[in-house]
Each structure stands twice: as structure tokens, then as C-alpha cells.
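Asker: Pasting a structure here, questions to come.
The values are calculated or read from the model by the stated rules, or taken from the named source; none is laboratory data. Only a predicted model underlies this, so the values are computations on that prediction, with no experimental measurement involved. Using ideal geometry, Cβ is built from the backbone for each residue, glycine included, and neighbour counts are taken over all protein chains shown.
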Amino acid sequence: MEQWRQVVGYEGLYEVSSEGRVFSKYTEYPLSPTADRQGYLTVSLTDLDGKVSNHKVHRLVMAAFRGASDLYVLHANDNPADNRLENLRYGTQKDNQADAAKRGRRPTGENHVNSKLSDWQKRKIAERVAQGEKRSALVEQYGVTNTTISRIIADSRYAWPGHDYAPHELWERREYNPDTDSYWFFRTGDVKQVTREEFNAW
């Protein structure tokens, strides 16, 4: 039976189903996704400020039903357009590499086995290590080696805590709203609005 949940970060605006459909509460119609070059379905979502951004449907499904995560989203049947909840699971880079070897394919896009960690992920790793989390857990989650973790910690750009980067750099994405002269910052499962004065003080 198809189940519906609020889209994380767009509560009250959109819902996503266990069958991989996205529904607009405003228009009261389902959205029509488009496929990217790797075959992953994406939809454009508009927030309360009128800002439009694209999101992969498989990530919307997993965030709503399994919780937001930095892990890869893997498709059990290897079909990037099949975003049914039962076909999706979170996995590490190693999990994705194992799937690729098993099915005789090369992963593409965000699931490529040679894809590098984003700056956000590196800063998050540095933060979690500084807070006492075991490196073994990070190695498992991000599919990297202890050597990679050590290199991230040694890189001053990702120091935590420190003054080599501003706090706003810890967010994945930022958008400026000229109507309110303020900034919106986004990261997985979190959003923050700050005024220009607050931003300049960071």
C-alpha cells in the first residue's frame, strides 16, 4: 500500500510516497520528474520564499522514510529510475563498489566509486572526530580509509574547532533573499536563516 510522508525541508509544501511519487500540496497534483544524464529522476521544489532547487527523488524518498543521511542511496534492481522505497537502501561507497562489481557495471554520478568527498563531508568528518567519535564508524559510513581520515584531520581547512573557515562554510548550500536582505543556509536535515549583519559578523 502506498504511503505518504512530508518532504524533509519542505514540510507542508510537498509530500513523497513509498512508490517514489512527489505531490505538491499547493497545486494538489503530482510532480513530473525529469531524468538526468545518469537516469536518476529529479524534481524542482519551491520553498516558502519562492526559491527553486532540484532534488533527486530517491533522496527525497529515503530522507522521508528512513531519515536524512550522507550515505549513498543504492537501487536494489540497478534501475536509477525505480524509486520505490522497497528498492532503495543506504550504503557506503564500498557497498556501491560491491554492487558495481556484482552487476558488472561502472557506477556514475554521485554513486561513482572514485567520487571524492565534498568539502562539507570532510568538515563533518573533522567535526565528528573532534567530538570524540570513533574513526572506524566514519570509515564504514563514508567508505574511506583511516589514512584518508587522517589527511582530512591534518588539513587546516577542515580544522574543528578553528578559525580557518567561517561558520557559514559548514553548510552545504546558501541562498540570498533580496526581499528580506537575509541568507538561507541548508544542509542535510537542517536550515537556518540569518540577516546580512549576522552573516557579516560570522
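Asker: Does at least one position in the stretch 20-39 carry a residue that is closer than 30 Å to Ser182 by Cα, among the basic types (Lys, Arg) and in contact with a Ser or Thr (Cβ under 9 Å, 6 or more places away or on another chain)?
Answerer: Checking the stretch 20-39: not a single residue is closer than 30 Å to Ser182 by Cα, among the basic types (Lys, Arg) and in contact with a Ser or Thr (Cβ under 9 Å, 6 or more places away or on another chain).
Asker: Only one of these conditions is not met by Glu2: (1) under 29 Å from Asn146 (Cα atoms); (2) loosely packed, with under 14 Cβ neighbours inside 10 Å; (3) at pLDDT 90 or above. Which number is it?
Answerer: That leaves (1) as the condition not met.
Asker: Restricting attention to the stretch 67-75, does a residue exist that is under 24 Å from Tyr142 (Cα atoms), of a type in the set (D, E, K, R), under 16 Å from the mean Cα position of the chain (by Cα) and assigned to a loop (DSSP other than H, G, I, E, B)? It would help to see each step written out before you state the result.
Answerer: In the first step, residues of the stretch 67-75 are kept if they are under 24 Å from Tyr142 (Cα atoms); the result is 67-75.
Checking which are of a type in the set (D, E, K, R) leaves us with 70.
In the following step, the residues that additionally are under 16 Å from the mean Cα position of the chain (by Cα) were identified as 70.
From the residues that got through so far, the ones that are assigned to a loop (DSSP other than H, G, I, E, B) too are 70.
Looking for residues that are under 24 Å from Tyr142 (Cα atoms), of a type in the set (D, E, K, R), under 16 Å from the mean Cα position of the chain (by Cα) and assigned to a loop (DSSP other than H, G, I, E, B), one finds at least one in the stretch 67-75, hence yes.
Asker: While we're looking at this one, here's another question. Look through the stretch 77-94, keep the residues that are part of a loop (DSSP other than H, G, I, E, B) and of a type outside the set (A, V, I, L, M, F, W, C), and return whichever of them is surrounded by the most Cβ atoms within 10 Å (Cβ to Cβ).
Answerer: Across the stretch 77-94, the extreme among qualifying residues is Asn83.
Asker: Residues of the stretch 56-76 being in contact with an Asp or Glu (Cβ under 8 Å, 6 or more places away or on another chain) and surrounded by fewer than 19 Cβ atoms within 10 Å (Cβ to Cβ), which ones?
Answerer: If the condition is that a residue be in contact with an Asp or Glu (Cβ under 8 Å, 6 or more places away or on another chain) and surrounded by fewer than 19 Cβ atoms within 10 Å (Cβ to Cβ), then Ala76 is the only one that fits.
Asker: Hey, another quick one. From the residues in the stretch 9-52 that are surrounded by 14 or more Cβ atoms within 10 Å (Cβ to Cβ), of a type in the set (S, T, N, Q) and farther than 21 Å from Val73 by Cβ, which one is modelled with the highest pLDDT?
Answerer: Ser24
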